[in-house]
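Engineer: Here you go, one structure.
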Amino acid sequence: VRMVLLFIRAHRNGDFFLYMQSLKELVPYFFALDHPNYARWISVHIHDLCSLPETIQEEFLKGHFVVSKTKKRGSSIPSHNF
């Protein structure tokens, strides 16, 4: 439960480092719980994010991987669907 909450918190706060860490921690559970599609594609997603050019990674570290409707902290939402 803690890892899922950290994953949600990463989105809400626009914390890309926490987002990557929580994804990496969740991958073994997808394999263990027999969710092969999640395990396979989350692993590919992590690899793709790690191979992004430096300029895009810097933007993501600034929190530009989520969308905010308001300026309130903790109100961001992911711009992608899983």
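Engineer: Quick check: at a probe of 1.4 Å, how many percent of the accessible area of the chain sits on carbon and sulfur atoms?
Structural biologist: 60 percent
Engineer: What whole-number volume per residue, in cubic angstrom, does the convex hull of the C-alpha atoms of the chain give? Numbers along the way, then the final one.
Structural biologist: Working: hull volume 7.0 nm³, N = 82.
Expressed per residue, the convex hull around the Cα atoms of the chain is 85 Å³.
Engineer: Still on this structure: In square angstrom, what is the accessible area per residue of region 2-77 with a 1.4 angstrom probe?
Structural biologist: Accessible area per residue: 72 Å².
Engineer: A further question follows. Relative to the present Cα-Cα distance, how much length would full extension add between Lys71 and Ile56 at 0.36 nm per residue of separation?
Structural biologist: On the way: separation 15, 0.36 × 15 = 5.40 nm, distance 2.23 nm.
Full extension from Lys71 to Ile56 adds 3.2 nm.
Engineer: Loop-only check: which trypsin sites (Lys or Arg not before Pro) in the chain are DSSP coil with at most 11 other Cβ within 10 angstrom?
Structural biologist: For trypsin sites (Lys or Arg not before Pro) across the chain that sit outside H, G, I, E and B with at most 11 neighbouring Cβ atoms in 10 Å, the list reads Lys62, Lys69, Lys71, Lys72, Arg73.
Engineer: What nm distance separates the two modelled labels at Val1 and Ile46, each placed 7 Å from Cα along Cα→Cβ?
Structural biologist: About 2.4 nm separates the two model spin labels.
Engineer: What is the chain's relative contact order, in percent, from Cα pairs under 8 angstrom and six or more apart in sequence?
Structural biologist: 36 percent
Engineer: Taking only DSSP H segments of four or more residues, each worth -39500 (n - 2.57), what value at 222 nm results for the chain once the sum is divided by all its residues, to the nearest 500 deg cm²/dmol?
Structural biologist: One gets -20000 deg cm²/dmol as the mean residue ellipticity at 222 nm.
Engineer: Let me ask something additional. How big is the accessible area of Ile8 in square angstrom, nearest 10, if you roll a 1.4 angstrom probe over the protein chains?
Structural biologist: We get 80 Å² for Ile8.
The values are calculated or read from the model by the stated rules, or taken from the named source; none is laboratory data. Given the structure is predicted, the values throughout are model-derived calculations rather than measurements. Heads up, the Cβs are rebuilt from the backbone with ideal geometry, glycines too, and the neighbour counts pull from every protein chain shown. Note: areas computed on protein heavy atoms with side chains; ligands, DNA, RNA excluded. Shrake-Rupley method; radii C 1.70, N 1.55, O 1.52, S 1.80 Å.
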